[in-house]
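These notes are about the structure you will find just below.
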Protein chains: 2
Amino acid sequence: MSRCLDAARGAIARCQMLATCSEEPGRTTRTFLSPPMRDVHDHLRTWMEACGMEVRLDAVGNLRGTIGQGPRLVIGSHLDTVRDAGAYDGVLGVVLGLALVELLEGHVPFTLEVVGCAEEEGVRFGVPFLGSRALVGTAAPLLDLADADGISVRQAIRSYGLDADQLEEARLDAAGYLEFHIEQGPVLEHLDAPLGVVDAIAGQSRLDLTFTGQANHAGTTPMPLRRDALAAAAEWMLLVEHAAHTTSGLMATVGQLHATPNIRNVINGRVVASLDVRHAADEVRRAAVDHLCAGAHAIGRRRGVAVDIARHLDQPAVAMAPALTGILAEAIAATGLTVHHLTSGAGHDAMIVAPQMPAAMLFLRSPGGISHHPDERVLVEDVAAALEVGLQFLHRWDPRHA
Amino acid sequence: MSRCLDAARGAIARCQMLATCSEEPGRTTRTFLSPPMRDVHDHLRTWMEACGMEVRLDAVGNLRGTIGQGPRLVIGSHLDTVRDAGAYDGVLGVVLGLALVELLEGHVPFTLEVVGCAEEEGVRFGVPFLGSRALVGTAAPLLDLADADGISVRQAIRSYGLDADQLEEARLDAAGYLEFHIEQGPVLEHLDAPLGVVDAIAGQSRLDLTFTGQANHAGTTPMPLRRDALAAAAEWMLLVEHAAHTTSGLMATVGQLHATPNIRNVINGRVVASLDVRHAADEVRRAAVDHLCAGAHAIGRRRGVAVDIARHLDQPAVAMAPALTGILAEAIAATGLTVHHLTSGAGHDAMIVAPQMPAAMLFLRSPGGISHHPDERVLVEDVAAALEVGLQFLHRWDPRHA
């Protein structure tokens, strides 16, 4: 245990050091194949090679360190960050894979590959998971996406000294994929638990609802003659919240709201509101979306406010592999911890690889639930527990039964 | 009647012509003493002088045409506009005063002064009523206000060839003030009535409420652990609407709403919402404001959302003079129309002069309730009816009883 605690301290120090590799002075921002990513690659390559791993960059810029022989288990997460990020989102999962190799001192009875994905956050090109999509052979359609400066994914890859035409060789052929990641939410903290097993990554619906009433003078339009788009949206927002509160596991959020004309003394004639709905069960999520759309139309009809609904995303839930997840749960139990099962509300690389190979995911508690923020933290005891669980997992993993 | 109909057609044509005097090509925008205001003054001066009026510009730039002898009755409104305005807001009241002098062919048994106020909308300096404040001697404290280019009211007056030091001579000494104005709301149209008597100009409260919860990831924060500032604001907005619907004559509007961070997949941590409350009775308005503030605090407490309230304005209602308003009602009845009494929810020059002299106000129906918009209209029959009422009013007005 004290070995794991030392290794945890080392892993945290590495994350903090890598957080200084940034496009912006004084804060951590590291997008797809930006110059500071090269520094991150150099550091990781040095550490990986020091413990006997073979290291390469694949065609999309995923850093891949390999050790051992035979069936392959991958431990991966991502190396890019959001703007003004914390030090642990993504990077911690890669650093923990490396720490496990170090703890095993190279004695791995199978092939262990640690992958640091080039891109997961979607900051530079607006589409996430460039790295893990390359692992499963679905990145090619994204090569012509352009960033804000008009540079394509393909050009960014070339500027980094890589060749997008070799994308096929990035494909991963493995018997299992394990991802360590901070929870980025408050559930484990609320449970007073350091770790949790992810059973599924929630499906997600994204919609925009436009409420169109009639803009009018706030002082001259009697209440009964109003068609207030913002009041209609407010009534609907409470419906959204109520539906989520009364449906187990459902999350529904109105994150974005734009009112027009948005002037103090004018009734709003138009409101565009976003809707984000997530649930582990697709049928529950879709029923909730239908209920909230029908509710918006009913509110609009009663108020003389037109409601137009644009459905942008209907992403199914992704289940983690039951057998691999079972091993992870056993590994947690073996360390003496209670096994907590969670649904991840956020997307992760594991979600992308899961359709092609058995995938499992371990969440580490996020103090305060804070992530995507410089205040993002991890507790050293939690990281040590994750390493202990990782060792137990590697001890138990058998590619023949995975 | 047919004389009034002809005069109404002429008045509408004049308003449309004056609407072409604009700072912006293709739309009507005319702020305090801007170059197109000089064209408006030139046109009005020509028309006023043609019917025997003596015309002067006072020190703040109010155009003042006078005819007759003895006790003074003023017919006034304003000549400035909002940005991208219609053709009738303000200007119509001045043009109708002139049309009445023309209809009387100069036979006025008292002094009749037609005033075109220089400023009412508050566009250029952010503070409204520069013109009518000068009429009642309260404009001096505003002389050092600066516009967006840093030009003060005083400098603007000097550039126009006037002298702000002569502000005192702008003061009005009159036995009555009458204002014709479009309603700028839908009430008369809803009543199928061309005209309405304004009994009072509503008092107004302006507040900003800041709801501070906790910004968090929309996918990882379970509903019971959220402190969603937008959901709290939505609940409060329904309370605002409900209070206004259930209190006779109360208008309450949330016109402005800014959510932070206002991102699709993040729970909003902060919302600033404006509140505009109006009522003819100050005690009703103030009780409503207190109720809505207490309601916001109660909603916030229940949700773990802090509520801060800034009260920006508490402007009392202004009653029109009962005797003068009575004459106006008699004048309407004399033309065979039903007398409708209204509270004005918007501010008008009559509100500024009312504390210093008997003031009355006649509203003309606004088709569609539309104002502050190029689609602002008046019906020629309504304008003719207003002129008939004006003639009846002038016939009945007796300065000894006003």
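The values are calculated or read from the model by the stated rules, or taken from the named source; none is laboratory data. Keep in mind the model is a prediction, meaning the values are calculated, not measured. Please note: Cβ atoms are built from the backbone with ideal geometry, for glycine as well, and neighbour counts cover all protein chains shown. Just the protein is used for accessible areas: all its heavy atoms, side chains included, with ligands, DNA and RNA removed. Shrake-Rupley method; radii C 1.70, N 1.55, O 1.52, S 1.80 Å.
Things to note:
- Filter result for A:Val60 (aliphatic (A, V, I, L, M), modelled with pLDDT of 95 or more, farther than 18 Å from A:Pro128 by Cα and assigned by TED's automatic domain parsing to the domain that holds A:Gln155): no
- Sole residue being free of Cβ contacts under 8 Å to residues at least 12 places away in the same chain, outside the structural domain of B:Ala193 (by TED's automatic domain parsing) and more than 30 Å from B:Arg72 (Cβ to Cβ), chosen from B:Asn262, B:Asn268: B:Asn262
- Answer from B:Asp282, B:Asp276, B:Asp290 - the residue that is acidic (Asp, Glu) and facing chain A (nearest Cβ under 10 Å): B:Asp276
- Exactly one residue out of B:Met48, B:Met37 is surrounded by 22 or more Cβ atoms within 10 Å (Cβ to Cβ) and out of contact with any helix residue (DSSP H, G or I) (no Cβ under 9 Å at 6 or more places or on another chain): that is B:Met37.
- The set of residues in the stretch B:262-281 being part of a loop (DSSP other than H, G, I, E, B) and either open to solvent by less than 20 Å² (accessible area, probe 1.4 Å) or within 14 Å of B:Thr247 (Cβ to Cβ) (or both) consists of B:Asn268, B:Gly269, B:Ala280, B:Ala281.
Rundown of residues vs (1) farther than 22 Å from A:Ile332 by Cβ; (2) assigned to a helix (DSSP H, G or I), yes/no style:
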{"residue": "A:Phe125", "(1), (2)": "yes, no"}
{"residue": "A:Gly150", "(1), (2)": "yes, no"}
{"residue": "A:Gln166", "(1), (2)": "yes, yes"}
{"residue": "A:Phe180", "(1), (2)": "no, no"}
{"residue": "A:Ala193", "(1), (2)": "no, no"}
{"residue": "A:Val197", "(1), (2)": "no, no"}
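- Identity of the residue in the stretch A:282-320, assigned to a loop (DSSP other than H, G, I, E, B) and open to solvent by less than 20 Å² (accessible area, probe 1.4 Å), that ends up nearest to B:Ala231 (Cα to Cα): A:Val305
- Cβ pairs under 8 Å, 6+ apart, first in the stretch A:202-230 and more than 19 Å from B:His242 (Cα to Cα) and free of Cβ contacts under 8 Å to residues at least 24 places away in the same chain, second open to solvent by 30 Å² or more (accessible area, probe 1.4 Å) and hydroxyl-bearing (Ser, Thr, Tyr): none
- Pick from the stretch B:59-68, criterion of a type outside the set (Val, Ile, Thr) and surrounded by 22 or more Cβ atoms within 10 Å (Cβ to Cβ), ranking: farthest from the chain's Cα centre (by Cα): B:Gly65
- Residues being buried (at least 22 other Cβ atoms within 10 Å of the Cβ) and either within 7 Å of chain B (Cβ to nearest Cβ) or part of a loop (DSSP other than H, G, I, E, B) (or both) - total across the stretch A:205-214: 1
- Residue in the stretch A:174-182 that is open to solvent by less than 10 Å² (accessible area, probe 1.4 Å) and within 9 Å of chain B (Cβ to nearest Cβ) present: no
- Within the stretch B:92-110, the only residue that satisfies the criterion of being in a loop (DSSP other than H, G, I, E, B) and open to solvent by less than 10 Å² (accessible area, probe 1.4 Å) is B:Phe110.
- Residue ID - nearest to the other protein chains (Cβ to nearest Cβ), chosen from residues in the stretch B:184-195 that are of a type outside the set (A, V, I, L, M, F, W, C) and crowded, with 24+ Cβ neighbours inside 10 Å: B:Gly185
- Residue within the stretch A:133-147 that is assigned by TED's automatic domain parsing to the domain that holds A:Val60, of a type outside the set (A, V, I, L, M, F, W, C) and assigned to a helix (DSSP H, G or I) present: yes
- Residues (outside any strand (DSSP E or B), facing chain B (nearest Cβ under 7 Å) and either crowded, with 23+ Cβ neighbours inside 10 Å or in contact with a helix residue (DSSP H, G or I) (Cβ under 9 Å, 6 or more places away or on another chain) (or both)) located in the stretch A:243-258: A:Ala244, A:His245, A:Val254, A:Gly255
- The lone exception for A:Thr338 - which of (1) outside the structural domain of A:Val271 (by TED's automatic domain parsing); (2) in a helix (DSSP H, G or I); (3) not hydrophobic (A, V, I, L, M, F, W, C) it fails: (2)
- Residue tally, condition open to solvent by less than 20 Å² (accessible area, probe 1.4 Å) and more than 7 Å from chain A (Cβ to nearest Cβ), over the stretch B:233-242: 3
- Test: residue in the stretch B:216-232 that is more than 7 Å from chain A (Cβ to nearest Cβ), of a type in the set (A, V, I, L, M, F, W, C) and open to solvent by less than 20 Å² (accessible area, probe 1.4 Å): yes
- Some residue of the stretch A:342-350 being of a type in the set (Gly, Ala, Ser), more than 30 Å from A:Val127 (Cβ to Cβ) and in contact with a Gly (Cβ under 9 Å, 6 or more places away or on another chain): no
- In the stretch A:52-91, counting only strands (runs of 3 or more DSSP E) that sit wholly within it, the ones holding 3 or more residues that are in contact (Cβ under 8 Å) with a residue 40 or more places away in the chain and touching a strand residue (DSSP E or B) at 6+ places or on another chain (Cβ under 6 Å) span A:63-67, A:72-78.
- Here A:Ala140 meets each of (1) closer than 27 Å to A:Leu73 by Cα; (2) over 25 Å from the mean Cα position of the chain (by Cα); (3) open to solvent by 40 Å² or more (accessible area, probe 1.4 Å) with one exception, condition (2).
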